[in-house]
Structure formats: structure tokens, C-alpha cells
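Engineer: Here it is, the structure in full.
The values are calculated or read from the model by the stated rules, or taken from the named source; none is laboratory data. Source: prediction; values computed, not measured. Cβ placement follows ideal geometry from the backbone for every residue including glycine, while neighbour counts extend to all protein chains displayed.
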Amino acid sequence: MIRVINATKSFNENKVLDNVSSDFEAGKTNLVIGRSGSGKTVLLKSIVGLLELDRGEIWYNDTRFDTLDFKSRKSIRKEIGMLFQGSALFDSMTVEENVMFKLNMFTNMNHSEKRKRVDFCLERVNIRDANKMLPSELSGGMRKRVAIARAIVLNPRYLFCDEPNSGLDPKSAIMIDNLIKDITDEFKMTTIVNTHDMNSVMEIGEKVVFIAHGVKYWEGTNSEILKSDCKPLNDFIFASKLARQLKH
Amino acid sequence: MNLIASTGRYFILLGKIFRKPEKHYVYYHQTMKELIYLGVNSIGIVIIISVFMGAVITLQTAYNTDNPLYPRYLIGLGCRDSIILEFSSTVVALILAGKVGSHIASEIGTMRVTEQIDALEIMGVNTASYLILPKIVATVIFHPFLTLMSITVGIFGGWLAGITTGVISSGDFIYGIQYAFIPYYITYSLIKTVVFAFIISSVSGYQGYYVSGGSLEVGRASTRSVVYSCILILLFNLILTQLLLS
């Protein structure tokens, strides 16, 4: 489980996180939702240690993460997989080299074992015959899937996804959502997904946390979200004409 | 104040770069790649520049010493010493600051703005060391070879220009480049090259590593890396000359 307690973060005078607290449960797909600029990415980057909080605590099970030094964080980071908004694949490496990178860096596997593991992960995300391709030769959806394969190659305990289906068509977006959900269930990971896509919320949101202007307004499940009387949440969910028509 | 802060941040980055590598063979492979990108791929430009540099030095020396009191072999001697002492180390380093420095800064800067460095960081990789150390090692190892090549090719260019224009005979030129040769000048030139290679790769790595923003900032970092590298090369050229030749 990952626990965030009173996370507060400002950039100069601009407060982007204000006393956000939440528990993200193991084996579940936890979603952080909110408008663009609401503080979702800052929260996620603070949880993984890419940004330092001004105040607050980050716990990975019984270990307080935010006070650890670089060396001590390393052991937890090896159990983390992350999918970035723009995929963040290494553009000078092939698909295979991207997925194999962590194995080269942190394991003593021989080459055939590594290739076997890479093939398994690529197969798992439905990528075939693309081992020797460069990221620039892949479509947006394929890049996301390769990034997921890279994230899961060392069997992580924690998976973080920042806007995993941004820039994808609705069908590819649903496929990525389902892939994240399946992998979370299969590997019993603690998964946190940042999104502003309501389709994702309804498809995979086992636990949903809503943030607006850096403040947590609501948390619950996807079956409760449509019945909520939280005004900022309703403004967010029913922002589109289609959603309002469906509500009525 | 900004200068002091940047200098401090540069030395902190150097501290991170020279930590023990996570996996030696990964760093070895990375260094081999950089030797190709930053070293072997620079051979062409070094050869072209050196040939023309040597040729121009020979012709300028010849036209400015058109006096029967000066022995003709001094043209060869002047060409040799100019190339060894200054041109093959300093001028070639300034050119490489443009080629190699901008390449390093833009490569690392692009990785920063596309979150590739964040991805490495999340994996638990020491990003400063993984990205910059192989570049420093590759340039420090390979640039002395480029300097030796530049010296050879530059003197050849001088000889070629001298005999094709008829300002000096082949015999006089060859006698000149052998006359009063001081081997220490080569050592001096190579020491300068190693220091300049370190400046180019570490300053450019620093500029790229701390890029924030988008592609515009990557371009600016690339320009800054060339400008700062050139200034530091000229400064250290002066310091090392005083230290090594006085």
C-alpha cells in the first residue's frame, strides 16, 4: 500500500498541492482524477520522488520514502514501474533495448534469459515483430504499450501511470486502460493512474481520488462517483454536453 | 550570485558523475558508443580543418618572411610549432566545442524535456553518471588521438601548400619541421587537449542536464554549452601555457 499524508507543494507563490492525504491500496487500480493543472502530476511525481514535498509524508508499506536518501530510495525504486505521459522511451534504443534496459542494469541474467523475459513482456502487451524498431517508428498506442512492457519487466510492486491514454483514439485508450487493469490484477501491484478521462474512471477506477486546485475534494469508487453531491466533482464529470445528456 | 550558484551546481553534478557505476559493463558499452559518436565521427572535420590550417600557416609565414636574411626552412619550423603549440590543441578544441559540445547538450537536454531522464531516475539509475561519465571518458581518451592526427595532417597540409605554390622546396620544409624540435611541446599539447576535452564534455553535459522547459530551452542550452566551453578553453589555455611553458 502507498500512503500519502498531508502532501503540500508550492512552486514559488503557487500552491499546487494543499494537504492531500490518501491511501492507495495494493492490488487495486487507484485513479487520481482532475482537470489539467489540478496537481495530479505533481502528486504522482512527489510519490515517486521526482519532486520533493514542502510538507507531508509518503509511505510505501512501512517505509517512509520522502525522508530516504538517494541510495536508500534505490531499493524501492527498483520495485517501481512508471508510464509517462509521452511514454519517455529512450529514442536511441530499439524496442527490445528499451525493455531490456532494466535487466541489463539491475540483474545478472544471461542474454538468452533477458531476451526471453523481454519477449514475454512484449507479448503480454500485444507487441509482436517490433523488437528491432525504434520508438520513432511506432504509433502512439504502441509506444504506450512498449512503455508498459518496460515498466513491468522487473515485476514491480508499484505501477504509476501519468495520463496513459492521452493522445490516443477511444478504442486504443480503452485497450491501454484494460491492459493496466489486467496487469495490476495479474501481478498484484499497487497501481496509481493519473487521468482526466471519464471513460478510464468508469472502466478501471476501483478507487478514485478527485483533486481540484491542489485540494482533494472527494474519494470513492467508480460506482459511487456518479451519485456524489460534491459540486467541483460534478462540474468536472458533467462538463461535456454528452455527459449532461446522459445524466438526465 | 548566479555565477556562484551555477559553479556550485556544476561541482555537485561532477560529484554525482564520479560515483561508482551501477553496472560496469553497461558503462563500458555506453563509453564505446560515445567513442564512435563523439570521437570517430569527428575525424573528418578535424582532418579538413587541419589541412587548411597547416596550408594557410605555411603561406602566411612564407609571405611575411620574404626576406633573403631568413632561411627558408623557418617556414616549416613556424608551421610545425604553430600547429603543435596552438592550432591542433586549442583551435581544434574550439571547433570540437561547437560540434561535440552542442551534440552533448542537445542530446541530454532533449532527454530531459521528454522525461527520459525522469524515467531513468525512477528506475534507480544514477542519471548524471550514466549519461555524462561515458561522454567524459570517451572525449578524454579520444581527443588526444584527434590532436595527434591534427598535428600530422596539419603539417602535411603545410608541406602540400608550400610545394604546390612554390614558396618553399620540399627539402627546406622537411628540414624545417625537424630543426630544433622539442618533444615536450607534444606533451604540452596533449595535456591541454585532455583538459579541453574534459571542459567540453562536462560543461555541455551540465548545460543539457539542467534544461527545463521545451525545445527552445534545449536550443539555448546547446548555444550556452558552446559559448561557455569556448570561454573556459581560452581561459585554461592561458593558465596551462603559463604553468607548463614558463
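Engineer: For the structure I just gave you, tell me whether B:L131 is within 14 Å of chain A (Cβ to nearest Cβ), touching a residue at least 40 places away in the same chain (Cβ under 8 Å) and among the hydrophobic types (A, V, I, L, M, F, W, C).
Structural biologist: yes
Engineer: Check whether at least one residue in the range B:17-25 is away from chain A (no Cβ under 14 Å), surrounded by 18 or more Cβ atoms within 10 Å (Cβ to Cβ) and not small (G, A, S), and report yes or no.
Structural biologist: No; the residues of the range B:17-25 include none that is away from chain A (no Cβ under 14 Å), surrounded by 18 or more Cβ atoms within 10 Å (Cβ to Cβ) and not small (G, A, S).
Engineer: A follow-up question, please. Give just the number: which of (1) out of contact with any Lys or Arg (no Cβ under 6 Å at 6 or more places or on another chain); (2) part of a helix (DSSP H, G or I); (3) of a type in the set (S, T, N, Q) does B:S89 not satisfy?
Structural biologist: Condition (1) is where B:S89 drops out.
Engineer: Let me ask something else about it. At least 2 residues that are in contact with a Lys or Arg (Cβ under 8 Å, 6 or more places away or on another chain) and of a type outside the set (G, A, S) in each: list the strands (runs of 3 or more DSSP E) lying fully within the range A:157-248 that qualify.
Structural biologist: A:190-195, A:207-212
Engineer: Taking the range A:134-144, which residues are in a loop (DSSP other than H, G, I, E, B) and out of contact with any helix residue (DSSP H, G or I) (no Cβ under 8 Å at 6 or more places or on another chain)?
Structural biologist: A:S139
Engineer: Let me ask you something else. Quick check on B:I47: is it part of a helix (DSSP H, G or I), within 25 Å of the chain's Cα centre (by Cα) and either among the charged types (D, E, K, R) or surrounded by 22 or more Cβ atoms within 10 Å (Cβ to Cβ) (or both)?
Structural biologist: no
Engineer: Shifting gears a bit: With respect to A:G49, is the statement that it is at positive phi, at pLDDT below 95 and within 14 Å of chain B (Cβ to nearest Cβ) true?
Structural biologist: Numbers: at positive phi: yes; at pLDDT below 95: yes; within 14 Å of chain B (Cβ to nearest Cβ): yes.
Yes: the conditions hold for A:G49.
Engineer: Sticking with this one: Within the range A:84-108, take every residue that is part of a helix (DSSP H, G or I) and among the aliphatic types (A, V, I, L, M) and give me the one that is farthest from the other protein chains (Cβ to nearest Cβ).
Structural biologist: Keep residues of the range A:84-108 that are part of a helix (DSSP H, G or I), which gives A:95-106.
Subset that is among the aliphatic types (A, V, I, L, M): A:95, A:99-100, A:103, A:105.
Details: A:V95: 15, A:V99: 12, A:M100: 11, A:L103: 11, A:M105: 5 Å.
The qualifying residue farthest from the other protein chains (Cβ to nearest Cβ) is A:V95.
Engineer: Note down all Cβ pairs under 7 Å where the first residue falls in the range A:65-83 and is more than 8 Å from every other protein chain (Cβ to nearest Cβ), the second is polar (S, T, N, Q), and they're at least six residues apart or on different chains.
Structural biologist: What qualifies is A:I76/A:T63.
Engineer: Listed residues B:S201, B:S106, B:S150, B:S189; which is surrounded by fewer than 22 Cβ atoms within 10 Å (Cβ to Cβ) and either modelled with pLDDT of 95 or more or part of a helix (DSSP H, G or I) (or both)?
Structural biologist: Exactly one of B:S201, B:S106, B:S150, B:S189 is surrounded by fewer than 22 Cβ atoms within 10 Å (Cβ to Cβ) and either modelled with pLDDT of 95 or more or part of a helix (DSSP H, G or I) (or both), namely B:S106.
Engineer: Does any residue in the range B:174-189 that is free of Cβ contacts under 8 Å to residues at least 24 places away in the same chain come within less than 6 Å, Cβ to Cβ, of a residue that is part of a helix (DSSP H, G or I) six or more places away or on a different chain, and which pairs are these?
Structural biologist: If the second residue must be part of a helix (DSSP H, G or I), no pairs are left.
Engineer: Something else now. Could you check, for the range A:113-133, whether at least one of its residues is charged (D, E, K, R), at the interface with chain B (Cβ under 10 Å from one of its Cβ atoms) and not in a loop (DSSP other than H, G, I, E, B)?
Structural biologist: If we filter the range A:113-133 for residues that are charged (D, E, K, R), which is where we start, we get A:113-117, A:119, A:123-124, A:128-129, A:132.
Then keep just the ones that are at the interface with chain B (Cβ under 10 Å from one of its Cβ atoms); that gives none.
Looking through the range A:113-133, none of the residues is charged (D, E, K, R), at the interface with chain B (Cβ under 10 Å from one of its Cβ atoms) and not in a loop (DSSP other than H, G, I, E, B).
Engineer: Exactly one of these conditions fails for B:P68: (1) in contact (Cβ under 8 Å) with a residue 60 or more places away in the chain; (2) farther than 24 Å from B:L146 by Cα. Give me its number.
Structural biologist: Unmet for B:P68, out of (1) in contact (Cβ under 8 Å) with a residue 60 or more places away in the chain; (2) farther than 24 Å from B:L146 by Cα: (1).
Engineer: Out of all the residues in the range A:136-146, is one or more under 27 Å from B:Y25 (Cβ atoms), crowded, with 16+ Cβ neighbours inside 10 Å and free of Cβ contacts under 8 Å to residues at least 60 places away in the same chain?
Structural biologist: Yes, the range A:136-146 has at least one match.
Engineer: Filter the range A:22-48 for residues that are within 26 Å of A:E186 (Cα to Cα) and assigned to a loop (DSSP other than H, G, I, E, B) and give the result.
Structural biologist: Listed by number, the residues that qualify are A:E25, A:A26, A:G27, A:K28.
Engineer: Further question: With the structure loaded, tell me whether B:V113 is over 30 Å from B:S50 (Cα atoms), within 14 Å of chain A (Cβ to nearest Cβ) and crowded, with 22+ Cβ neighbours inside 10 Å or whether it fails that test.
Structural biologist: Criteria not met by B:V113.
Engineer: Now, a different point. Sort out which residues of the range A:20-44 are surrounded by fewer than 17 Cβ atoms within 10 Å (Cβ to Cβ) and farther than 15 Å from A:D66 by Cα, and write them in order of number.
Structural biologist: A:D23, A:E25, A:A26, A:G27, A:R35, A:S36, A:G37
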